[in-house]
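The values are calculated or read from the model by the stated rules, or taken from the named source; none is laboratory data. The shown structure was predicted, so the numbers you read here are calculated from the model rather than taken from an experiment. Backbone-built Cβ (ideal geometry, glycine too); neighbour counts: all protein chains shown. These area figures cover heavy atoms from the full protein model, side chains too; ligands, DNA and RNA do not enter into them. Shrake-Rupley method; radii C 1.70, N 1.55, O 1.52, S 1.80 Å.
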Amino acid sequence: MGEIEINYGSTIPTESLKVIAESVGIGNLSDDAAKEISDSATYRLKLVLQESKKFMVHSNRCKLLPSDIDNALKVFGIEPIYGFHSKDHIPFRYASGGGRELHFIDDKDIDLIEFVNAPLAKLPLEISIRCHWLAIDGVQPTVPENPPSVSKDMQKLECVDPLGKLKKPIDKEVSGRPSTGKAQKLRNVETVHVKQLATHELSVEQQLYYKEITEACVGSDEARRAEALQSLASDPGLHEMLPRMCTFIAEGVKVNVVQNNLALLIYLMRMVKALLDNPALYLEKYLHEIIPSVVTCVVSKQLCMRPEIDNHWALRDFASRLMAQICKMFNTPTNNVQTRITRVFTNATNSDKTALPSVYGALEGLAELGTETIKVFVIPRVRMISDRLDSPEVTQNNVDRISGNQIKHLLCKILTPVLKITHQPPDNIEEYKKEFGSVGVQLHAAVCKARVIVTSQNSNNQTTTQTSTQSRTAVGRPISATPGNSGAPQKYVLMSQRPIVSQTPPNKTVYISQQNIKTEFQDPSN
Amino acid sequence: MEEDIKPDIKPVIDETPKEPDDKKTNLCVALKILKKYNLNTTVETLKKEANLTDSAYNTSELDVNNALNVYKSQGDPSVYENAYITLSKFVETSLDIYKHELGCVLYPVFIHMYLDLVCNGYEAEAIQFMKKFAPGQESYYQNDIRNLAIITKKEELNDNVIVSSYKSNEFVVRMSRDTLSLLKRHLKEKKQTVLLDIVQENLFFDVYEGLARNKQQIDAVAGGMIGEGTRQDNKLRVYYGLMKEPDLQTAAAAVNLEEDEEEEGEKPKKKKSKTNPLLSKKTKIDPNAPPIDRMTLPQLREIDKKIKVQAVLDSAKRVALSPETLPSVCCYTLLNCSHAVNCATISDDATMLAVGLANSRIRVWSLVPQKLRAMKTADQLLDIDLEADDVMHRILDDRSAETTRTLLGHFGAVYQVSFSPDKTLLLSCSEDCTIRLWSLLLWSCVVAYKGSYHPVWDVKFSLHGYYFATASRDRTARLWSTDNYQSLRLFSGHFSDVDCCQFHPNSNYIATGSSDRTIRLWDCVTGEQVRLMTGHKGEILTLCFSNEGRVLASAGNDCNILLWDIAHGHLVAMLTGHKEPIRTLTFSRDSTILASGSHDCKIMLWDYSKMLEDLSLDDMNVHNQIIINDNDKYLLRAFGTKNSPVIHLFFSRRNIMFCVCSFSPPQSN
């Protein structure tokens, strides 16, 4: 018990009491009086709290509410405090100065007109009951109403400590199907712990589900695909099928990169996105399959049949965002995912021999990893890339020229917000040219334009600088059409919107992203 | 007598306290006492020495008493600390077999020393004493200690409930004869009056012959606010058996007839022969059952008989449960009401769910396609033929059918609801200090019972109907009948709030669980307390009798489930596994499984039939006692709900488990 610090005698500080006394007009309260009052007040406060705890317990809660205190006061025959309800967890603010330390309640001024004109608060929802089978003959079905059979924390733990599973004899806490009697018996007999071969048997239903989902995901019916992706992103019971899904994606990418099947690659990436978004899944165990597939879609030399017209850039952008999301979710000091990925992308930009689409992908991939990465890995190489784009072998080849233009646009897009901050306002076009080569001209124009927009916005209203914030937000955000893009923009839905199903937790968002595309995509059936 | 008092007081006066005022009163008191015993020469010398006049010490009698009270337990605060240290050292250094039993003395001594210090006005020393020794006390006492630590001033002692229960009751410590003699020898040797006084006045030793108990045995039953129950408390005989069921053959025949009519004579003969043995099976008399006329039970009406027959018929279709065939669980999740649901209950035939809310409403849902209907108006009722067989259906108005209804009437949070066995009545208790009886035919309140001006925490209908029990914050439990405004029995004895109550299946007894961490069993007929059981380490929130009436299961804030043998008042099993307070317990209808539901969003199933096997209750007697605490062996399975604390568990007659939980979305911060 020694290690638990139990506080048996906390009291209201006399300083606070003096301040309270001052606030009611008693100027100089003597120390003794303050002490006396503080003791008495502490005693009474603690009694009230002690009593209100009982009301909390009987109200089926582990959190004390103002109503409990009101009830306790009522029991003691004291007038309850009306109207003290704070939205904050602890509404007290702390301040110190002049040798005083104070906790006080923030008393904000409320603009009455605004308050009166504000829309009415929503009515609380009617209480309702929902009925489902928590267990059938002692087995919990994996329906959305039940918690996932293997919780995310447990999946996480499994990654870190795979041996932990062996140590536990029989896990009754796991609510899936009962462990087979055979394994238990074996464990009793054998003295040496042999790692049981995990048999990932899928039930008939799961096999059917797998077939349906994979078919729908890569099929031609967009509505079915949307449904399938929604299921992948929200169903809690996918844990057992996860290895197969990941293999499906990895194999699919391998085959379709060779065949330059852009559409299928996009579908597969959307599957990755859905799996990443599923709150019940933890993908770390399968990163060795997912990361190569995603990186392939970022930096592959060729992703489509007609590089000059097909919009493989959109796929590269999307995969880059996925990569950044993976880095954000799974980067740990032990696996160093982010560092390793950064190295892969940097290597691609360093070489003169790298195909231009790959350079584009690598740059986009680096850009998605954040401003710091851009500063350290992109900016120093801009001049080199720019020089290469100006070289005659690039400008003379039609395909390469398109790629070059794309890279230039990309550089403008990703560098403008950064340069705006790193470079001081008087932007000199010569300096830009010197630093960045021919791209410097475009960059200079973009930065100047951005500055003008910001200042005009500032003068108008305090609306946030939408362009810059948007490009820095996390993956999967809606991307507005980039103004600098040439060619007639054609909307191409990468992620389609689905109505949010009522049972899904409210924090889940469904993302839409639209991208300008110059060409039609190929139907996979062709 | 004279000699007794004088040596006690003299040394005190020698070490006169520093304050001159105190010194004067002390001397005056001393003089008064000396005078009382006619020690005139001493009086004169003392007066001379202290320069006191006659008038100075003419204080009132009350003052003397006060002062005497103060001095009764020594003046020097450091004595307490020393005494406590010597005692704990003695406990520490004694032989291992006695050590743990001796350790039981430390807590009550600690409490009373602290109270004495506060009582004597040594505020700073008392706080010091608390800080120094409180962390060393057992974890299950920490809550009480924290509550006591609030009190630091003499004035605060007077109206404090906890203090008065400590002061007016002896703390019960169970000890073997050997241990007690060891303790007595130590007390005699050390001659510390403080310690002696406390032990003599505030401790009660329940002595038994035989070996001293070990740490585990002591810990299992320790935890009560005023110590353990004595053996005397559990000596009275308890009729824990079930009474003979009334003859249902005639009623069964009627029900059969009805069913046959419904099924249009489809194999009528076979049906009859099937039900008969079922109904006549329970004819042997349980030797432990109370005489049928011991407690006046309500006469069975025709409708009651029908319900009973229906129950028996239902039970014929019951799923036999075992560790291999676990029950199916149907879960009702209450949505949009986190922090608002206080209680829920399901009617015995699993057709209705009642929920008590924090906003003083009661909601009733129909769980079957048949909707909740109200009775027709009086005019319409006149037209109904009373002789008709389906009169119960005819009186209800089909147009009023609804799947859910709200009962309004309370003006405080509703803490418990309970259906009557014939499901025409519903009881509720509330923070507004009333208990209300609702008619489920009229859907309105018919009676508001008032006991005391304290919130009522729990209300339960007897399984036979008519009677009901309540548990209240006023530290009493009450027995009521539906037709009486006043309570029939008042059971007082708990030292803190009575948090829950439960009727024994034979309706002759009521079990109560309290915040003083004891469970008591009360006889409804005599009003006496017949069992006192300690072992819980926190407030007890739920109680459940096994179907055959012998075993009582209890659980609460300490996250443990304890099983008690009612026949002797023994603790027989302790099951741990939950991580947050347990709200509900239930036995399966065939007594094979015990299910517990907790605030940690888990339902655990325990193998009760195996426990019974291992315990062999029939061999158990007053002396022979086994305590089971092998959790892994008895835990069958744990089901998790999705962020929904479990409020109520219930086994239907066909052994399907129903679970009521309220969804509380995970907090974002």
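Ranking B:ASP389, B:ASP497 by solvent-accessible area of protein heavy atoms (1.4 Å probe, all protein chains present), from largest to smallest, gives B:ASP389, B:ASP497.
Only protein heavy atoms count here; under a 1.4 Å probe, A:TRP133 has an accessible surface of about 110 Å². Taking every lysine pair in segment B:74-230 that is 8 or more places apart or spans two chains, those with Cα atoms closer than 20 Å amount to 17.
Apply the a/c threshold of 1.5 to the C-alpha gyration tensor of segment A:309-434 and tell me whether it is rounded, prolate or oblate. It is oblate, given that a/c is not under 1.5 and a/b is not larger than b/c. If you plug the beta carbon distance of A:SER351 and A:ARG93 into 1/(1 + (r/R0)^6) with R0 = 56 Å, you get a FRET efficiency near 0.50. Here's how it looks for B:SER481: its modeled amide H is under 5 Å from those of B:PHE468, B:LEU488, which are all 5 or more places away or on a different chain. Extent of segment B:460-522 along its three principal axes (Cα atoms, max minus min coordinate, largest first): 31, 24, 13 Å. In this simple spin-label model, placing a label point 7 Å from the Cα along the Cα-to-Cβ direction at both A:THR11 and B:ILE97 gives a separation of 5.0 nm.
Report relative contact order for segment B:74-230 in percent, whole number only (criteria: Cα-Cα under 8 Å, sequence separation at least 6). Intermediate values should be presented prior to the final figure.
Details: 158 pairs, mean separation 48.8, N = 157.
That works out to 31 percent.
Provide the solvent-accessible area of B:LYS235, counting protein heavy atoms only and rolling a 1.4 Å probe, rounded to the nearest 10 Å². Accessible area of B:LYS235: about 140 Å². For a modelled paramagnetic label at A:GLU201, 7 Å from Cα along Cα-to-Cβ, the residues of segment A:227-247 in reach, with backbone nitrogen under 16 Å, are A:240-241. Remark on A:ILE136: its backbone amide H falls under 5 Å from those of B:VAL329, a criterion applied only to residues 5 or more positions apart or on other chains, H modelled at 1.01 Å from N. For A:HIS103, B:HIS570, the ranking by accessible surface with the largest value first comes to A:HIS103, B:HIS570, using a 1.4 Å probe.
With the Cα gyration tensor of segment A:40-128 giving a ≥ b ≥ c as the square roots of its eigenvalues, does the rule (a/c under 1.5 for rounded; else a/b larger than b/c for prolate; else oblate) give rounded, prolate or oblate? Provide the component values of the computation, followed by the final result.
Numbers: a/c = 2.12, a/b = 1.07, b/c = 1.98.
Since a/c reaches 1.5 but b/c is at least a/b, the shape of segment A:40-128 is classed as oblate.
Distance from the Cα centroid of segment B:423-458 to that of segment B:583-607 is 28 Å (rounded to whole angstrom).
Can you flag which of A:LYS63/B:LYS602; A:LYS273/B:LYS642; A:LYS54/A:LYS74 are past 21 Å Cα-Cα? Among A:LYS63/B:LYS602; A:LYS273/B:LYS642; A:LYS54/A:LYS74, the Cα-Cα distance tops 21 Å for A:LYS273/B:LYS642. When all protein chains stay in place and ligands, DNA and RNA are ignored, the 1.4 Å accessible-area order of B:ILE519, A:ILE127, largest first, is A:ILE127, B:ILE519.
Taking every protein chain into account, the 1.4 Å probe leaves B:VAL238 with about 10 Å² of accessible area, to the nearest ten.
Mind listing which trypsin sites (Lys or Arg not before Pro) in segment A:265-327 are in a DSSP loop and have 15 or fewer other Cβ atoms within 10 Å? Can you show the working numbers first?
Details: sites: A:ARG270, A:LYS273, A:LYS285, A:LYS301, A:ARG316, A:ARG321; in loops: A:LYS301.
Taking segment A:265-327 and a limit of 15 other Cβ atoms within 10 Å, the loop trypsin sites (Lys or Arg not before Pro) found are A:LYS301.
For segment B:74-230, the square roots of the Cα gyration tensor eigenvalues, ordered a ≥ b ≥ c, give a/c of at least 1.5 with a/b greater than b/c, which places it in the prolate category.
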